[in-house]
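Bear in mind that the values in this text are calculations on the coordinates, not laboratory data. What you are looking at is a predicted structure, and each value in this text was computed from that prediction instead of being measured. Don't worry about glycine lacking a Cβ; one is built from the backbone with ideal geometry, like all the others, and counts go over all protein chains shown.
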Amino acid sequence: MILKNENLFVVTGGPGVGKTTVLDELARRGYSVVPEVARQIIQEQVQSKGNALPWGDTERYTEMMLARSIESYQRLDSSQFPTFCDRGIPDTLCYAHIIKLTDTREIQAACEQFRYNSRVFLLPPWKEIYTTDTERKQTFDEAVDVYHQMMRAYGNCGYEICEVPRAPVSARADFILSRLGAP
């Protein structure tokens, strides 16, 4: 059974492009925002000395990302108001392609079954704001590659990519909201 909620909007992109900052601005304006599950998994794994990490057991990390992304979607499925998700299930498919996971059938099936609004907001790489931290270890060049992989993954899943311009945070939030017809 295909589940689709037009009120769930994905905001995605490679690492370090300002997603969280833009989502924080949308939350400040009163919109519901769902945090990124991948970062939560990394924090939990580091704290528990686990190895399901992008620099450890990548296959287990991918499995956890998919399970948590589906759980997150199911919790939100009845949302009747615009809700912004920091990444979506197709991000897991993108990551699976990056690590060259050979069997992505389960992830692809989840991408088909759990559908967000058809418009996905993709933030492009932006060297001037790019930084690394304890959970984001990719180089800027890797972040650019993730962006291109993300564009392919969402496009192949049938989503309309809406690239958010490089601009101040408030202008980026305004851009996203203007594409929803929100005030």
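Numbers for the structure displayed
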| item | result |
| --- | --- |
| Residues with amide H under 5 Å from that of residue 85, placed H, sequence gap 5 or more | 9, 10, 11, 34 |
| Under Karplus coefficients 6.51, -1.76 and 1.60, residue-wise ³J(HN,Hα) of the range 90-107 in Hz, glycine/proline x | x, 4, 5, 4, 4, 4, 4, 5, 4, 8, 6, 5, 7, 10, 10, 4, 5, 5 |
| Extended-chain gain in nm, criterion 0.36 nm per residue less alpha-carbon gap, residue 27 and residue 118 | 30.6 nm |
| Under the Karplus curve 6.51 cos²θ - 1.76 cosθ + 1.60, θ = phi - 60°, whole-Hz ³J(HN,Hα) for the range 27-43, x wherever Gly or Pro sits | 5, 4, 7, x, 8, 6, 10, 10, x, 6, 6, 4, 5, 4, 4, 4, 4 |
| Derived scalar couplings ³J(HN,Hα) [the range 18-24; Karplus, 6.51 cos²θ - 1.76 cosθ + 1.60; whole Hz; x for Gly, Pro] | x, 4, 4, 5, 5, 5, 4 |
| Antiparallel bridge percentage (DSSP; both residues within the chain; nearest 5) | 0 percent |
| Neighbour cut-off at most 14 other Cβ (10 Å), DSSP loop, GluC sites (Glu not before Pro), the range 1-78 | 6 |
| Order by protection proxy (mean Cβ within 10 Å, highest first), peptides 108-121, 154-167 | 108-121, 154-167 |
| Choice from 127, 19, 49 showing the highest fluctuation, given a GNM over the chain with Cα pairs closer than 10 Å | 49 |
| Distant-in-sequence amide H partners of residue 114 (H built 1.01 Å from N, under 5 Å) | 3 |
